[in-house]
Amino acid sequence: MFSFSALFRKVKSFSLIIGKKILLFFLWMLTPILILLVAFITNGIIIFLFGYNPIEALVAAIDVTFGSPRGIGETLVKSTPFLMTGLSVAIAFRCGIWNIGAEGQFLMGALAATWFGTKIATLLPNTSWIAVPVCLCLAVFAGGICGIIPAILKVTRGVNEVISTIMLNYIALHLVSLMIDGGPLQEASKTGPQSDPIVEWVFLPRIFESHRVHPGIGIAVLLAIALTFILFRTTFGYQLRAVGEGGAAAEAAGISIVHNTLRVFFISGALAGLGGAIELMALVPHQLTENFSPGYGYTAIAVALLARLHPLMTVTTALLFGALSRGSFAMEAELGISRQVTLMMQAIILLFVIGSSSIKFFRKRTL
């Protein structure tokens, strides 16, 4: 017999569960929101002290980044490398590994894509459906190999991954310089330290002719969704999180720290390497330069920490940093705010995010 009271109890119980989940999510997001709020207030004070109107600066930045379809498209383009490197850092930190090498891994992916796009693709048939996947796979492999080196040093010699990954960043940076400044990948005219553009059939196409939006953005978002599923719905993801929460307890439970360290370093490096290839293959002039990355791999640390190391939330924080990057140009162009001031503003946000999150991370590891 149907009972309205039983139905009411079930609806009430379900509502309480949903309400509790919403409350927990709000509390989980409260810290990042407060960090950003304080950082933006601090930046507003700095803009005011330099003689500019903070409200006008904010309106100009929002109008350029989200005020038109073209602006939104450009913001998405700017966000893509932050998302790829942010995912790289987030997956490593989830396993309790401080991979500071996303910058070098990003460059190695771009270097591999340049080598393929200028030397190998010219020998292959003019077919994008073959050349593009092969190029992306090579970049994944190059980034993964760059990531596996500090992993081997860590598990065999106990080398701290912070030191080794930072050192490898400089090795990657100088290797790029060596290859394009008098090296085998320098442009044929030898006019500067840069490569020739990759051949057209290795380009990532534009989704819309009038905008620079490209499929790499979709690839990055799909990877964020896939990593979220892997981390929270698979045995492999559980092992990674267990190692990150407590290595000794995980090992006592039969989870191999060595194997998971090797695997997560390769995945982390592969994600950053893929990001480097996407950036090279998608955006004009499609060539590798000495300043190819303005520090995506380092900013990725803040992107990942602000997202609480959650891959899906990394999409949101990457979009924020993409908007900040594009908005800074708007403030300079429309209001005359010095480029140095906008760089200072971005640095303050990074300091707030990394400072707050690092304190919690180190406190957790020392407990």
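Some values worked out for this structure:
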quantity: Of all residues making up the range 213-243, the number that are under 19 Å from the mean Cα position of the chain (by Cα) and in a loop (DSSP other than H, G, I, E, B); calculated: 2
quantity: Given (1) more than 26 Å from the chain's Cα centre (by Cα); (2) at pLDDT below 90, number of the condition residue 181 does not satisfy; calculated: (2)
quantity: Condition met for residue 114 (assigned to a helix (DSSP H, G or I), of a type in the set (Val, Ile, Thr) and in contact with a strand residue (DSSP E or B) (Cβ under 6 Å, 6 or more places away or on another chain)); calculated: yes
quantity: Residue check, residue 241 of a type in the set (Lys, Arg) and out of contact with any helix residue (DSSP H, G or I) (no Cβ under 7 Å at 6 or more places or on another chain); calculated: no
quantity: Subset of the range 54-100 [touching a residue at least 24 places away in the same chain (Cβ under 8 Å), closer than 26 Å to residue 333 by Cα and among the polar types (S, T, N, Q)]; calculated: 65, 75, 79, 80
quantity: Inter-residue pairs, beta-carbon under 8 Å, first under 15 Å from residue 273 (Cα atoms) and in the range 160-176, second polar (S, T, N, Q), 6+ apart; calculated: 165/99; 172/105
quantity: Of residues in the range 294-316 being closer than 22 Å to residue 72 by Cα and not hydrophobic (A, V, I, L, M, F, W, C), the one surrounded by the fewest Cβ atoms within 10 Å (Cβ to Cβ); calculated: 294
quantity: From the options 66, 93, residue that is touching a Leu at 6+ places or on another chain (Cβ under 7 Å), surrounded by fewer than 22 Cβ atoms within 10 Å (Cβ to Cβ) and of a type in the set (Phe, Trp, Tyr); calculated: 93
quantity: Helices (runs of 4 or more DSSP H) lying entirely in the range 247-320 (those with 2 or more residues that are more than 23 Å from residue 178 (Cβ to Cβ) and in contact (Cβ under 8 Å) with a residue 60 or more places away in the chain); calculated: 257-282, 296-306
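The values are calculated or read from the model by the stated rules, or taken from the named source; none is laboratory data. This is a predicted model, so every value here is computed, not measured. Here Cβ is always computed from backbone atoms with ideal geometry, including for glycine, and neighbour counts include all displayed protein chains.
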